[in-house]
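Read the structure below first, then the notes.
Bear in mind that the values in this text are calculations on the coordinates, not laboratory data. All figures in this text were calculated on a predicted structure; none of them were measured in a lab. Positions of Cβ are generated from backbone atoms using ideal geometry, with glycine treated the same way; all protein chains shown enter the neighbour counts.
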Amino acid sequence: MEKYLINPNQKIAEINKDIYGSFSEHLGRCIYEGLYVGEDSKIPNLNGMRKDVVKALKEMGLPVLRWPGGCFADEYHWKDGIGDKASRKKMINTHWGGVVEDNSFGTHEYFELCRQLGCDSYVNGNVGSGSVREMSEWVEYMTFDGVSSMAELREKYGSKAPWKLKYFGVGNENWGCGGNMDPEYYGCLFKRYNTYCRDYKAGEHIQRIACGPNGSDYHWTREVMDKVKHHANGIALHYYTVPTGNWNHKGSATDFDLNEYISTICKAYKMEELITNHLAVMDSINPQRWVKLVVDEWGTWYDVEPGTNPGFLYQQSTMRDAIVAALTLNIFNKHADRILMCNIAQTVNVLQSVILTDGKKMVKTPTYHVFKLFKEHQNNTLLGSYITTDMIKSKNDGNREFPQLIESASIDDNGVIYSTIANTSATKSAKIKCQIADRKVKSIKAEIITGECHEKNDFENTDNVKIEDFDGFRKLSDGFTATLPACSVVKFTVE
Ligand code: AHR
């Protein structure tokens, strides 16, 4: 029996709701078809946005949406995406499949999507191939409420009022697709570009996000932090889970053996080490901790579904992905004192999406259900908690170990405690005894997402994996005991 302790007296930090964010790029069928179908589509839409997808994302509690990339951001010229749609410039999407981008989804459409979703905005600017002036004017166009050429242009194209821009990314992956830069050079460019991105509204600071490291590139973090520490609010780490560790043969999303399952979880758990180590580097440069960590691209990355465009990064999703999502969100929660925002890659039809579409059909992936299950953590206070657990060894990773049980716990303003636990073992259940310090438990409700690790939802079986009530627990006066099935994610709500 594993021991699980939750301490409601140890209130650590508010869990920023934006940890539960998502990322939507002009890539494959994410924006076009996935989110936006245009006003004239037969697919039910409101001002061009798919009604079914918007409804599902609202129910999931999406707090913030990053756009327009990704690699696409550093070749996006925002003025091509405003004005009369028929005459908007067409461009080649060179990163993603070489397809024609007709720019019919641009700045106005993005803010309309955020309005319908009721979520906050995170726009990523172009450092790689754009000018300082272009970036400066974009921020003016989006946020200035006064007399200026950009504000007049915005009004001319349909929006007299400015929008609220919460986060602005100054470049993306500038160590790679965003210009192949060295960290010192990028750090200087960040300062230059960022200087001309003005805060136009008194008291409303647009939070600036600097391009952070690729995985374990601590040198990048150190050098960029050194340059941006007085200017940036966040520095953005990117880390993808590639089961085989080989980018030429990443592994199938649905056809994997137990060793590959274990290796996937082991590699996803690396997020804990990356966050801890990058925070240590950040602390060494900025002990005052002004700059927070952002993880604005994370998730599993497999070989594309057979027969689909390799440039579209379309993959299926199984219970394995649900476990990756649950353990990662628990890790983010546990670092809530230092993490500003996270964005899973991506929202629809790309990589570890929460939603898949096929024409007018839509399906929620197992990952969607994890985000929905965890949504009560948003803006709650993280509590001190600890669980004993077996460790699982990954043969494919030199016997590296990761915990079988990964948890986090939070409390809301009414004193209700939420605990989410991932049982990462595909084969073994786990018995736990939870004790909550200084608490008389009145009632407990539990919900579960579980299944054999290959189980998935598809367009024929949309509800194979879903959230269900869970009764495999017993209430105690100061906690509960429970048996967590293999490959499961459970949430306990304790009053
Ligand atoms: O999410 C897909 C791509 O992965 C993004 O465009 C890029 O930033 C990263 O390399």
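Counting Lys and Arg as +1 and Asp and Glu as -1 over every other residue whose Cβ lies under 11 Å from the Cβ of N380, the net charge comes to -1. Ranked by the mean number of other Cβ atoms within 10 Å per residue, highest first, peptides 446-453, 234-241, 273-280, 167-174 order as 167-174, 234-241, 446-453, 273-280. Overall, the stretch 431-495 carries a charge dipole of about 580 debye about its Cα centre when +1 sits on the Cβ of Lys and Arg and -1 on the Cβ of Asp and Glu, all other atoms neutral. Stretching T276 away from A86 to a fully extended chain increases their span by 63.5 nm, per 0.36 nm per residue minus the current alpha-carbon distance.
Only Lys, Arg, Asp and Glu carry charge here, each on its Cβ (+1 for the first two, -1 for the last two); on that basis the stretch 395-484 has a dipole of about 580 debye about its Cα centre. Check the straight Cα-Cα distances from K89 and name the lysines below 28 Å, setting aside those fewer than 8 residues away within the same chain. Leaving aside lysines fewer than 8 places away in the same chain, those within reach of K89 are K42, K51, K79, K156, K160, K164, K166, K360.
Suppose R0 equals 60 Å; then what is the FRET efficiency for R192 and K361 from their Cβ-Cβ distance, rounded to the nearest 0.05?
0.80
Centre-to-centre separation between the Cα atoms of the stretch 12-43 and those of the stretch 128-184: 19 Å. Normalised by the number of residues in the stretch 83-131, the mean separation of alpha-carbon contacts (under 8 Å, six or more apart) gives a relative contact order of 22 percent. Annotation: amide H-H contacts under 5 Å for Y32 (H modelled 1.01 Å from N, sequence separation of 5 or more, or interchain): L27. Once you divide the Cα radius of gyration of the chain by 2.2 N^0.38 Å, the number left is 0.96. Net charge within 10 Å of D337 by Cβ-Cβ distance, Lys/Arg positive one each and Asp/Glu negative one each, not counting D337 itself? Charge balance in the 10 Å sphere: +3.
Label point 7 Å out from E452 along Cα-to-Cβ: which residues of the stretch 236-271 have amide N under 20 Å? Counting backbone N atoms under 20 Å from the label point, the list is 252-265. Other residues lying with their Cβ under 12 Å from the Cβ of C434 contribute a combined charge of +3, Lys and Arg counting +1, Asp and Glu -1.
Summary value for the chain: 19 percent relative contact order, contacts being C-alpha pairs under 8 angstrom separated by 6+ residues.
Using alpha-carbon positions, what is the distance between the centroids of the stretch 317-361 and the stretch 276-299, in Å? Here the two parts' Cα centres lie 21 Å apart. The distance separating the Cα centre of the stretch 384-454 from that of the stretch 71-106 comes to 44 Å. When the helices of the chain are scored as -39500 (n - 2.57) per DSSP H run of n ≥ 4 and the total is divided over every residue, the value at 222 nm lands at -7500 deg cm²/dmol.
Set the bar at 30 Å for Cα to Cα. Now go through K334/K445; K17/K55; K58/K440 and name every pair that lies beyond it. Provide the component values of the computation, followed by the final result.
Numbers: K334/K445 22 Å; K17/K55 19 Å; K58/K440 34 Å.
Result: K58/K440 exceed 30 Å.
Taking Cα atoms only, the orientation of helix 183-195 departs from the longest principal axis of the chain by about 60 degrees. Pairs from the list K267/K372; K361/K475; K201/K229; K11/K201; K270/K475 with a Cα-Cα gap above 32 Å: K361/K475; K11/K201; K270/K475.
Across the options V348, T388, N399, the greatest Cα extent toward the positive end of the charge dipole of the stretch 337-415 (unit charges at beta carbon of Lys, Arg, Asp, Glu) belongs to V348. Pair-distance distribution of the stretch 330-371: all C-alpha pairs, bin width 10 Å, starting at 0; shares per bin in whole percent are 26, 41, 24, 8, 0.
Let me spell out the model: positive unit charges on the Cβ of Lys and Arg, negative unit charges on the Cβ of Asp and Glu, origin at the Cα centre of the chain. What dipole size does that give, in debye rounded to 20? Could you put the intermediate results ahead of the total?
Details: 58 positive and 64 negative charges, 186 e Å.
For the chain, the charge dipole is close to 900 debye.
For a straight C-alpha distance cut-off of 18 angstrom, the lysines reachable from K428 (same-chain residues fewer than eight places away being disregarded) are K3, K393, K395. The residue among A446, L258, H369 whose Cα reaches farthest toward the positive pole of the charge dipole of the chain, with charges on the beta-carbon of Lys, Arg, Asp and Glu, is A446. Candidates T241, A482, M282 compared by Cα position along the dipole of the chain: farthest toward the positive end lies A482, with charges placed on Cβ.
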